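Novice: Structure in C-alpha cells, see below.
The values are calculated or read from the model by the stated rules, or taken from the named source; none is laboratory data. Just so it is clear, the structure is predicted and the values come from calculations on it, not from any experiment. Here the Cβ positions follow ideal geometry from the backbone for every residue, glycine too, while neighbour counts run over all protein chains shown.
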Amino acid sequence: MWNDIEEPLAYLITFRTYGTWLPGDDRGSIDRFHNLVGGPRAVSSAARQRINAERLKSPPFKLNANARSAVESAIVEVCLYKQWPLSALSIRTNHAHAVVYGTEGSARILNSLKAYATRRLRERGLWGYEHSPWVDKGSRRSLWTEVHLATAVNYVFNGQGDELPEFD
C-alpha cells in the first residue's frame with residue numbers, strides 16, 4: 001500500500017566495509033550490468049575475485065568490537081546533531097545498517113553516516129589509511145509505509161545473526 005506523502009517515512013541505509021565483498025565473491029555481487037533491486041547478481045568467479053583483491057589499496061577492513069563501538073557512537077552522534085530520528089542501528093563486522101529519517105535525502109544521509117564513522121575511526125586510531133574504510137556507495141532503500149518501516153526495523157534488530165561479542 002502506498003502512502004500519499006511526498007517523502008518516505010524513513011530510509012534503510014546499509015554500507016559495507018572496504019574490501020570485504022568483492023566482485024566475483026561466491027555470494028554474488030553487484031556491478032553495472034547487475035544492479036536492479038531484486039534482480040540477479042553477477043555470477044561468482046574466483047579469477048574475478050582474485051583480480052579485485054589484487055587491486056585493493058589496503059587489506060579488507062573488518063570491524064572489531066572497538067571499531068563497531070566507534071561507528072555506532074558516530075552514527076548516533078550525527079543523527080542527534082542533524083536531528084534525524086534513528087529507529088534502528090546494527091553495526092556488524094563488515095557492514096552497518098541504520099533506519100533513519102531525514103529531509104536531506106538518502107544520499108546525503110548515507111554520506112554523513114559514513115563521514116562521521118570514518119572520522120571517529122581515525123580519531124580512535126582504528127583506521128590509518130587515506131582512503132575510506134567503506135565501499136564507494138551503499139544501499140538507500142526508501143520506506144514509504146508503516147509496514148515497510150516495521151519490516152526494516154525488525155530486519156536490522158533481528159535479521160543480522162547472532163549477537164557479536166563486546167570485546168574481541
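Novice: Residues being surrounded by 14 or more Cβ atoms within 10 Å (Cβ to Cβ) and more than 14 Å from F61 (Cβ to Cβ): count how many of those fall in the range 75-104.
Specialist: Summing the residues that are surrounded by 14 or more Cβ atoms within 10 Å (Cβ to Cβ) and more than 14 Å from F61 (Cβ to Cβ) in the range 75-104 gives 18.
Novice: Okay, next question. Just for the range 130-140: of the residues that are more than 25 Å from E163 (Cα to Cα) and under 15 Å from the mean Cα position of the chain (by Cα), which one is surrounded by the fewest Cβ atoms within 10 Å (Cβ to Cβ)? Quick ask: steps written out before the conclusion?
Specialist: The first filter runs over the range 130-140 and keeps only residues more than 25 Å from E163 (Cα to Cα), leaving 130-132, 136-137.
Add one more test, that the residue is under 15 Å from the mean Cα position of the chain (by Cα), and what stays is 132, 136-137.
On the way: S132: 18, D136: 10, K137: 13.
Per the criteria, the residue is D136.
Novice: Limited to the range 112-129, what total is found for residues that are surrounded by 15 or more Cβ atoms within 10 Å (Cβ to Cβ) and in a helix (DSSP H, G or I)?
Specialist: Of the residues in that region, 9 qualify.
Residues are listed down the side, and each one gets a yes or a no for (1) modelled with pLDDT of 80 or more; (2) of a type in the set (A, V, I, L, M, F, W, C):
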residue	(1), (2)
T20	yes, no
D31	no, no
G38	no, no
R41	no, no
Q49	no, no
P60	yes, no
A65	yes, yes
V78	yes, yes
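Novice: Counting only residues that are touching a residue at least 60 places away in the same chain (Cβ under 8 Å) and farther than 13 Å from A117 by Cβ, how many does the range 71-91 have? Steps first, answer last, please.
Specialist: Of all residues in the range 71-91, those touching a residue at least 60 places away in the same chain (Cβ under 8 Å) come to 85, 87-90.
Within this subset, residues satisfying the condition of being farther than 13 Å from A117 by Cβ are 85, 87-88, 90.
Selection size over the range 71-91: 4.
Novice: While we're looking at this one, here's another question. Write out, first by first residue and then by second, each pair whose Cβ atoms fall under 7 Å of each other, whose residues are 6+ apart or on separate chains, and whose first residue, in the range 142-159, is farther than 9 Å from L12 by Cβ while the second is of a type in the set (S, T, N, Q) and in a loop (DSSP other than H, G, I, E, B).
Specialist: W144/N3; T145/N3
Novice: State whether the residues of the range 2-13 include one that is modelled with pLDDT of 80 or more, touching a strand residue (DSSP E or B) at 6+ places or on another chain (Cβ under 6 Å) and of a type outside the set (A, V, I, L, M).
Specialist: So far as the range 2-13 goes, yes, one or more of its residues are modelled with pLDDT of 80 or more, touching a strand residue (DSSP E or B) at 6+ places or on another chain (Cβ under 6 Å) and of a type outside the set (A, V, I, L, M).
Novice: Taking the range 141-151 only, how many residues are closer than 26 Å to R68 by Cβ and crowded, with 16+ Cβ neighbours inside 10 Å?
Specialist: Our first condition is that a residue be closer than 26 Å to R68 by Cβ; within the range 141-151, this holds for 141, 143, 149-151.
Checking which are crowded, with 16+ Cβ neighbours inside 10 Å leaves us with 141, 143, 149.
Count: 3.
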